[in-house]
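Each reported figure results from applying straightforward, stated rules to the coordinates on display, with no laboratory input. All figures in this text were calculated on a predicted structure; none of them were measured in a lab. Quick reminder, even Gly has a Cβ in these numbers, built from the backbone with ideal geometry, and neighbours come from all protein chains shown.
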Amino acid sequence: MVLLALLLIPLAAILFILAGAPAQRTAGFATALNLVITLGLLLTYPATPGTFAFTLDCPWTTLPGLPPIHFHLGVDGISLPLVFLTAIVSFAAIAISPATIRRSSEYYCYLLFMSLGAMGAFVSLDLFFFYIFHEFALIPTFLLIGIWGTQNRQFAAFQVTLYLMAGSLILLAGLVALVMALPVADRTFDIPTLQNYFTQHPLAVSQQTIIFPFLLVGFGILVGLVPFHSWAPPGYASAPPAAAMLHAGILKKFAIYGLIRVAVPMLHDGFEAWRPLLLTLLVGNFVYAGFVTLAQKELPTMIGFSSIMHMGYLFLGIACWNIIGVTGVVILMVAHGLSAALLFGLSGEVTHRSGENRFTELGGLAQRAPLLAVLFSFASMASMGVPGLANFAGELMVFFASYSSVFSKFDIGVSIGVGFAAIAIYGTVITAIYQLRAIKTVFYGPMPARYEPRAAVGEAVAAPGMTDVSSLVEYVPYVLLIVASLVIGFMPFLLIHIVEPSVSLLPYMPLQK
Amino acid sequence: MISSTLLPYLAPELMLIVGAMILLLLEAFLSLSARQVAAAALGSVAIVAVFTLCFDSSPILFWGNTCKWDGSAKFFHLFFLAVAALVIWMGDEVQEPVPHGGGEFVILPLFTTAGLMLLASANDFMLLFIALELVTISFYILVAYQRRSIIALEAGVKYLILGGLSSAFLVMGVAYIFGLSGSTRFDLIAQYLHTQSLLSSGVGFGLLLVLTGIGFKIAMVPFHSWAPDVYEGAPNSITAFLSVGSKAGGLIILLRVVLGLFDFPSSASIWIPFLTIGAILSLLLGNLAAIPQRNLKRLLGYSSIGHSGFILVAVIGASASLTGSYMPGADTTTGQLAVSVYLVTYLLATFTAFIVLAILERRLPGLEIHHLAGLSQRSPLLAAAFALSLISLAGVPPLSGFIAKWYVVLVAWNQGLYTLLGFVIFAAVAALYYYLGPIKAMYWSEPLDETPIRLNRVTSAVLILMIALLIGTGFFIQSISGLVNGSTLAQNGSISAPVAVALVQH
């Protein structure tokens, strides 16, 4: 029931806003309430292996010709951290949005819809609802980019929406194929039942090999697996910061979560067959997207590409499919969600306050906006995987996982897992280069004169110049995200205790860690 | 032969026709206002609907075995009555009042509806043809009703010529089938076909001609060319009627003919490739040609061609003879249900869209996409209704159109129609592109004209109800399963002939 509340609270907030309640306060209150509830869930999560907690299961409908659909909610150690991530990023995204934004009630409703969609997808244990909750966010994203976006918003909005729709439809075909591959009497949409069923009666390898690529490409498009990533950077660069925070921080994780929960456990032979392709493509995420990120000349686009690059770690952890790897992926999903939300939010502050997004025109902003510089540096360090912040814990686990995985061996007796670990570690070096360079060019060095405040002299009007995040309301959301990242970074065991038991129960998980 | 006790099954049609005739006379001799006529017409539709709901859907043959009542007949009866109610209400309340003879404009749809309902229960090609003519002839008048408008006249002439041509194809095909099988009754033709191990080329040719005729009715490519022009020229309520009613009418014939009669391997090798090519072309041409359209009614016209493609995939998927071997146990019901589900969701979305267009066209005829600019600020309700109907047509969850697309994907995968599935996915993405265009105009673009649009209470209430249904049938899918449950053709074997004969002789 408590999970149902997580869905009903944003819905109620939307209705209140439509009825005329003050938009930002209502939305902020609803997301804050959700955050408190999720913290409660994290504290009370029982961690008895093998079961989903806080479940709610009521029959929804039986459509003729289809397996019964249940409204089945529940969380385990894999989805609970993502539920927490959704709550905290949604709260931050709404809190950093300007209260005076034009057409504010619409704006906050769309943000709440995105948040509701992500939350619904993570708590659903029925494939039908898992899929349609994610799709809730499609049209709100289109409108958010289109109405409140910047730069080339029209093109970006269409590109994002059509690309994601194509990905979703390929995914839908894959999910339909998966369920329909069962004998009629055993067909169900219930994810735990399906997992049990497929563990006991795996599909024929040939069938799995056909169905798995649908899921891989469908999820791959949604998460930005190279070469299906081209929607993301321009989309995130044009989106209003809050929408980019929600999409890059949370919604994209839906696809990784889907791979862990649905694709790999249920079609393990298909996964084995297609693993070489996945491994090849994820190198593209590290190397290709990494170098493209280095070449960016604008702050928001750079961050958009960097969020694509970081998906490489997640794919690598999944490709390893061992306990430490998948646990690392879950930790890293939370960590990346926090750091991506921070970076998108802060780059929005920089571009909004300075009126500029090109590196060549920015510089020395720390003189006028020291607090912003500190926050941005923290966010960059999180993204680089500096120890003490959450990303480090997750990335380290993925490196270990890759190092200990024997995908296949070279003649000289070295596992290629070692090679992938090396590429992944190299990825952190690339991240450090572009993030540090971004800090340097944006916040240090000489500051262009136009960022100095100016009094009205003669014809010239007064201009405040570059401003800092000054009031409490402005920086608390960022501090909250940084604190969350620090807590997980210093005490990763808090999350690992929750995540690991559930990961170790996933089908086909090798026993040794 | 005519059994009085079984006439109740024909009563809905008779009641509508008699009601319409009385209304015509009343309108001629007592000077009734258009509003009173519309109220009376709506009343008769309501009475007939209640009456129809009382029938159960157990299959039965009646009226000298020329009619058949089954789940699909009942479903389509109610479907057409819902369409009629919306058309009459739109014609009276929403759109520009017709300049002369407002009464006929709301009475004629009653005749059309009676024809469509008769189509749904016809078990005989003669009766089917008569019903179809009742439908098309009343449509000829309705399409060209605004006779001073050049576009309306063009639409009327095009629809008249192509409608006549398609009827000719259909009749020619029926003649071939009758000539070789010796009967026009479906059950007797089926008996004849079962005795033949191979389909004679004459019957095959007749089947192709019949399919061509049906292709015109449902605007299947390459028989689609009338649709955009006629959609553009006809009054909005009639465009919606054509788009939903005429398409559903064509589909019920298609279901009765190809699934009820010709669903075995030798003839399936004729109609399945024919419909497959038609479906692929409709999916591609309908959805791609809609992209450059600027006139909203033409855009919806092309999109309606595309939707025929989606529905045809479900029709093909309902065939029992897909795998090449005749399997009596094959899953044919899911495909038929997919057609019903698709039509229900299509009805909701199309009528919502056309109600909005009708309201807007009262202010600005010849509405183009850029005229919608800033509609979300001028009237949030209109913008939301139009946006949701387009998103539903595009098949995005949680709106009802998604359930329809989902069913089509499911049927296509289940029946191994992988090529068609690829085209379905491509077409769905292309469709989303052009459906987003008007949404963009309504929500992003700056309004050209800031005056708010006021709606009266009834219109607002209907629009809110339609929005609720669009969301309700998509998310609370129990509701849609309630609507379409049992809406399948009765298998020929399930009505034992002696019982049927006994019932008729009773």
- Message: So if I take the alpha carbon set of region B:245-393, get Rg, then get Rh from the Kirkwood formula, what is the Rg over Rh ratio?
- Response: 1.09
- Mean residue ellipticity at 222 nm from the helices of chain B, using -39,500 (n - 2.57) per DSSP H segment of n ≥ 4 over the full residue count, to the nearest 500 deg cm²/dmol? -22500 deg cm²/dmol
- Would you mind classifying region B:222-275 by shape? Square roots of the alpha carbon gyration tensor eigenvalues, ordered a ≥ b ≥ c; an a/c under 1.5 is rounded, otherwise it is prolate if a/b is larger than b/c and oblate if not. oblate
- Shielding of A:101-110 by partners, i.e. mean partner chain Cβ atoms within 10 Å per residue? 1
- Query: Any idea how far apart A:Met180 and A:Leu511 come out in nm if each label point goes 7 Å out from Cα toward Cβ?
  - Reply: 4.0 nm
- Item | Peptides ranked, highest mean first, by Cβ atoms within 10 Å: ranges A:13-25, B:465-477, A:260-272, B:71-83 | B:71-83, A:260-272, B:465-477, A:13-25
- Rel. contact order, % - alpha carbon contacts under 8 angstrom, at least six apart, chain A: 16 percent
- Item | Net dipole in debye of the protein assembly as shown [+1 Lys, Arg Cβ; -1 Asp, Glu Cβ; about Cα centre; nearest 20] | 1040 debye
- Quote the charge dipole size of chain B about the Cα centre in Debye, to the nearest 20; the model charges only the Cβ of Lys and Arg (+1) and of Asp and Glu (-1). 380 debye
- Among A:His229, A:Gly270, A:Gly304, which residue has its Cα positioned farthest towards the positive end of the charge dipole of region A:2-504, with +1 placed on the Cβ of Lys and Arg, -1 on the Cβ of Asp and Glu, and the dipole taken about the Cα centre? A:Gly304
- Task: Would you list which lysines come within 17 Å of A:Lys297, measuring only between C-alpha atoms, while excluding same-chain residues fewer than 8 positions from it?
- Result: A:Lys440
- Message: With just the Cα atoms defining each centre, how far is region A:270-321 from region B:375-415? Give it in Å.
- Response: 33 Å
- Report the net charge of residues surrounding B:Leu296, where surrounding means a beta-carbon distance below 10 angstrom and charges are Lys +1, Arg +1, Asp -1, Glu -1. 0
- Under a Cβ-Cβ cut-off of 9 Å, what is the net charge of the residues other than A:Val469 that fall near it, where Lys and Arg count +1 and Asp and Glu count -1? -2
- Percent relative contact order of region B:1-87, based on C-alpha pairs within less than 8 angstrom and at least six residues apart? 34 percent
- Put +1 on the Cβ of every Lys and Arg and -1 on every Asp and Glu Cβ in the protein assembly as shown; which of A:Ala484, A:Gly363, B:Ser246 then has its Cα farthest towards the positive end of the dipole? A:Gly363
- Set Lys and Arg Cβ to +1 and Asp and Glu Cβ to -1, take the dipole of region A:2-504 about its Cα centre, and tell me which of A:Leu82, A:Leu436, A:Ala379 lies farthest positive. A:Leu436
- Query: On average, how much area does the Cα convex hull of the protein assembly as shown cover when viewed from any direction, in nm²?
  - Reply: 44.4 nm²
- Cα gyration tensor category, rounded, prolate or oblate, for region A:387-450 with a/c compared to 1.5: prolate
- Task: Please report the orientation-averaged projected area of region B:4-495, defined via the convex hull of its C-alpha atoms, in nm².
- Result: 21.3 nm²
- Item | FRET efficiency, A:Ala449 to A:His352 (Cβ-Cβ, R0 22 Å, nearest 0.05) | 0.65
- Report, in whole Å, the centroid distance computed from the Cα atoms of region A:435-488 and region A:489-509. 38 Å
- Query: For region B:84-229, which semi-axes, largest first and in whole Å, follow from the square roots of 5 times the eigenvalues of its Cα gyration tensor?
  - Reply: 35, 17, 10
- Query: Name the residues of region A:356-383 whose amide N is less than 18 Å from a point 7 angstrom out from the Cα of A:Lys297 along the C-beta direction?
  - Reply: A:356-363
- Can you tell me the order of B:185-198, A:429-442 when each peptide is scored by its average per-residue count of other Cβ atoms within 10 angstrom, highest first? A:429-442, B:185-198
- Note on the structure: region A:276-342, Kirkwood Rh and Cα Rg, ratio Rg/Rh at 1.02
- Using a ≥ b ≥ c from the Cα gyration tensor of region A:406-513 (square roots of the eigenvalues), is it rounded, prolate or oblate, where a/c under 1.5 gives rounded and otherwise the larger of a/b and b/c decides, a/b for prolate? oblate
- Query: If you place +1 on the Cβ of every Lys and Arg, -1 on the Cβ of every Asp and Glu, and leave all else neutral, what size is the dipole of region A:2-504 about its Cα centre, to the nearest 20 Debye?
  - Reply: 780 debye
- Query: So how far apart, in nm, are the two label points at B:Phe476 and B:Ala11 if each is 7 Å from Cα heading toward Cβ?
  - Reply: 3.1 nm
- Query: At a Förster radius of 51 Å, what calculated FRET efficiency corresponds to the Cβ-Cβ distance of B:His194 and A:Thr193, to the nearest 0.05?
  - Reply: 0.75
- Query: Hey, what's the Cα Rg ratio for region B:257-296 versus the globular rule of thumb, 2.2 N^0.38 Å?
  - Reply: 1.67
- Task: Go ahead and estimate [θ] at 222 nm for chain A from helices alone: -39,500 (n - 2.57) per DSSP H run with n ≥ 4, summed, over the residue count, rounded to 500.
- Result: -21500 deg cm²/dmol
- Task: Extending each Cα 7 Å along its Cβ direction at B:Val171 and A:Leu11, get the distance between those two points in nm, one decimal.
- Result: 5.6 nm
- Taking every residue of B:476-486, the Cβ atoms of other protein chains inside 10 Å of its Cβ average out to 3
- Cα-based convex hull, chain A, per residue volume (Å³, whole number): 142 Å³
- Message: How charged is the neighbourhood of B:Val230? Take every other residue with its Cβ under 11 Å from the Cβ of B:Val230, and add Lys/Arg as +1 and Asp/Glu as -1.
- Response: 0
- Message: Below 8 Å, C-alpha to C-alpha, sequence gap of six or more: please give me the relative contact order for chain B in percent.
- Response: 16 percent
- Cβ neighbours within 10 Å from other chains - mean over A:160-173: 5
- Using packing as a proxy for protection, rank B:275-282, B:170-177 so that the peptide with the highest average count of other Cβ atoms within 10 Å comes first. B:275-282, B:170-177
- Task: May I ask you to list the lysines whose Cα is less than 19 Å away from that of B:Lys74, ignoring any residue fewer than eight positions away on the same chain?
- Result: B:Lys247
- Specify the inter-centroid distance of region B:70-93 and region A:348-389, based on alpha-carbon positions, in whole Å. 61 Å
